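Novice: Attaching a single structure in C-alpha cells format; questions to follow.
The values are calculated or read from the model by the stated rules, or taken from the named source; none is laboratory data. Not measured: the values here are computed from a predicted model. Heads up, the Cβs are rebuilt from the backbone with ideal geometry, glycines too, and the neighbour counts pull from every protein chain shown. With ligands, DNA and RNA removed, areas are computed over all heavy atoms of the protein, side chains included. Shrake-Rupley method; radii C 1.70, N 1.55, O 1.52, S 1.80 Å.
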Amino acid sequence: MRKTVLFSILDQVLVSGSMFALNLLLILQGSPEAYGHFILVLGLYFLAFGAQHAVILLPVNVLLPGKPHSRQNITLRMLSNIDLVLISVAALLVGAMALAFELSIMLSLAGFGLVITMSARELARTVFLTRQQPKRLIILDAVFIAGTWLALPLLWSSAQPEEAATLALVIGNSLAFALAAPKLYRRTRTLRRSWSRYSDYWRKSRWALVGAGLTEAQLRLYIFVVELARGSAALGLLHAGRVIINPISMVAFAWCRAIRPMVALHLERQEEPQAFRLIGISMVGLLTFAVLYLLALYAAWPLLETRLFVNEGEAFARLVALWAIFGMVNVPSIVLSIYLQAKHRYRDLTAITAISVTTSALLLASLFFEVDLSLAIIALLAGEAIMIVCLCAVLWFDVSAIRRGVRGAHV
C-alpha cells in the first residue's frame with residue numbers, strides 16, 4: 001500500500017509540476033486574455049472529466065479490487081466500452097461550448113481533442129492505480145510530460161499561446177496512451193452487452209454522475225461566471241492565484257485516488273476501523289503537507305511577486321492569500337468524500353454537494369454587479385465549509401452506529 005501511495009504522489013508531483021510550469025509559461029509569456037482562454041478550455045475539459053470520473057473511473061476504483069484477474073478484465077471491458085461512447089459525446093459538447101464562448105476554431109478543435117486524449121490517459125492511470133502498478137503509471141505520465149514539452153516549442157511559433165499549449169497537451173496525451181497504456185479490452189460490437197451489465201451498477205452510479213456534475217460546478221463554476229461577468233483578463237488574473245496554490249489540491253487528489261480502492265476493500269470486508277484509520281492518517285498527512293507548502297510559498301513570495309502580475313500589486317497578493325485558505329479548507333472535503341464514494345453512497349454525497357453548490361452559486365451571482373473579484377474565492381470557501389460540516393456529520397453518525405453495534409454484540 002505504501003509503495004502505491006508514494007509512487008502515486010511522486011507521479012502527481014511530476015504531472016502537477018509540468019502543468020504548473022505550463023501555466024506559468026502562459027502567465028509570463030502570454031496576455032491575461034490568452035491565459036483566460038486556456039483556463040476556460042481546461043474548465044470545459046474538467047466538466048467532461050467529472051462525468052467520466054463518476055460513470056467510469058469511480059467504478060474501476062471500487063469494482064476491481066479483490067476480484068480475480070479474469071473478472072477484472074470482464075469488468076474493465078464493460079467500463080471501457082461505455083467510456084468510449086461517453087467521451088465521444090462529451091468531446092462534441094466541449095467543442096460546441098468552446099465555440100459558444102467565442103473561442104477560436106483552432107482552440108475549440110484543440111478542446112475537442114483534449115477531451116478525447118486526456119480522458120483516455122485518465123482511464124489508463126486509474127487502471128494502473130487500482131491494480132497497484134505504480135511504475136507503469138509513472139512511465140505513462142513520463143511519456144505524456146515528455147511529449148507535451150517536446151511538442152510545445154514546435155507549436156509555439158505557429159499558433160497563439162493558448163492554442164499551442166492545448167495542442168501540446170493533446171499530443172502528449174496521445175503519445176502516452178499509444179505507447180504506455182494498459183490493454184482495455186475494448187470491443188465496440190459488445191457495447192450493448194456492456195450496457196446491459198452496467199445497468200445494475202448504474203442504479204448507484206447515476207447519483208455519482210449527478211454528484212460529479214455538482215462537484216465540478218462547485219470547483220469550476222466560477223470560471224464560467226467570471227468569464228461572462230468580467231471577461232478573460234479577469235479570469236486569467238483570478239486563476240493565476242489558484243495555480244500557485246494548486247499543488248495542495250493536486251497532491252490531495254493523488255493521495256485519495258490511490259487509497260480509495262484500499263478504503264473500499266476495508267469497507268467491503270467490514271473492517272471499518274482500518275478504513276477510518278486510513279482516512280484519519282490521510283487527513284493529518286495532507287494538512288501537514290499543505291502547511292509546509294504554504295510556509296515555503298510565503299518564504300519565496302518576495303521573488304514571485306516581482307514576476308507575476310506586477311501591475312496588480314496588493315490585489316493579486318490578496319487573491320493568492322484567499323486561495324491559500326481555500327487550499328487548506330479543500331483538503332478535508334476531498335478526504336472525507338472518499339468514504340462515501342467507497343461505500344457507494346453517491347446519493348448522500350450528491351445531496352451534500354448540492355447544498356454546497358447552491359451556496360457558492362448564490363454568492364457568485366453577485367459578480368455581475370460592482371463587487372470585488374475576490375468574492376469568487378469567498379463563494380467557493382463558503383460552499384466548502386458547508387460541505388465539510390455535512391460530511392463530518394455523516395461520518396459521526398456512521399461511527400456512532402458502528403460503536404452501538406459493537407456494544408450490542410458484546411452485550
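Novice: Could you tell me whether ARG187 is open to solvent by 20 Å² or more (accessible area, probe 1.4 Å) and closer than 18 Å to LEU57 by Cα?
Specialist: no
Novice: Follow-up question, since we're still on this one. Every residue in region 105-114 that is touching an Asp or Glu at 6+ places or on another chain (Cβ under 7 Å) and open to solvent by 50 Å² or more (accessible area, probe 1.4 Å), please.
Specialist: MET106
Novice: Further, regarding this structure: Take the residues of region 330-350 that are under 14 Å from LEU58 (Cα atoms) and over 16 Å from the mean Cα position of the chain (by Cα): which is most open to solvent (accessible area, probe 1.4 Å)?
Specialist: Ranking the qualifying residues of region 330-350, first place goes to LYS343.
Novice: Kindly indicate whether any position in region 316-329 is basic (Lys, Arg), in a helix (DSSP H, G or I) and open to solvent by 20 Å² or more (accessible area, probe 1.4 Å).
Specialist: Yes, the conditions are met somewhere in region 316-329.
Novice: Suppose the filter is over 21 Å from VAL335 (Cβ atoms) and β-branched (Val, Ile, Thr); does THR306 pass it?
Specialist: Yes, satisfied.
Novice: Further question: Specify which of the listed residues (ALA100, ALA90, ALA96) is open to solvent by 60 Å² or more (accessible area, probe 1.4 Å) and at pLDDT 90 or above.
Specialist: Matching residue, one of ALA100, ALA90, ALA96: ALA100.
Novice: For region 367-397: of the residues being free of Cβ contacts under 8 Å to residues at least 12 places away in the same chain and part of a helix (DSSP H, G or I), which is nearest to PHE316 (Cα to Cα)?
Specialist: By that ranking, first place goes to VAL389.
Conditions tested, residue by residue: (1) modelled with pLDDT of 80 or more; (2) over 24 Å from GLY50 (Cα atoms); (3) in a helix (DSSP H, G or I).
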| residue | (1), (2), (3) |
| --- | --- |
| LEU137 | yes, no, yes |
| ILE145 | yes, no, yes |
| TRP149 | yes, yes, yes |
| PRO153 | yes, yes, yes |
| GLY172 | yes, no, yes |
| ARG192 | no, no, yes |
| ASP200 | no, no, yes |
| LYS204 | no, no, yes |
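Novice: Could you count how many residues in region 366-384 are among the hydrophobic types (A, V, I, L, M, F, W, C) and open to solvent by 50 Å² or more (accessible area, probe 1.4 Å)?
Specialist: 4
Novice: Hey, can you tell me all the residues within region 15-58 that are outside any helix (DSSP H, G or I) and open to solvent by 40 Å² or more (accessible area, probe 1.4 Å)?
Specialist: Matches in region 15-58: SER31 only.
Novice: Look through THR358, THR353, THR306 and report the one residue that is among the hydroxyl-bearing types (Ser, Thr, Tyr), surrounded by fewer than 18 Cβ atoms within 10 Å (Cβ to Cβ) and under 30 Å from TRP202 (Cβ atoms).
Specialist: Just one listed residue meets the conditions, THR358.
Novice: In region 72-86, how many residues are closer than 11 Å to GLN52 by Cα and either more than 20 Å from the chain's Cα centre (by Cα) or open to solvent by less than 10 Å² (accessible area, probe 1.4 Å) (or both)?
Specialist: The total comes to 5.
Novice: In addition: Any idea which of (1) touching a residue at least 60 places away in the same chain (Cβ under 8 Å); (2) under 24 Å from ARG230 (Cβ atoms) is the one ILE338 doesn't satisfy?
Specialist: Looking at each condition in turn, ILE338 falls short on (2).
Novice: Does GLN160 qualify as being open to solvent by 50 Å² or more (accessible area, probe 1.4 Å), of a type in the set (S, T, N, Q) and more than 30 Å from GLY30 (Cβ to Cβ)?
Specialist: no
Novice: Another question about this same structure. If the requirement is being open to solvent by 10 Å² or more (accessible area, probe 1.4 Å) and under 18 Å from ILE334 (Cα atoms), which of these qualifies: PRO273, PRO247?
Specialist: Only one candidate passes the filter, namely PRO247.
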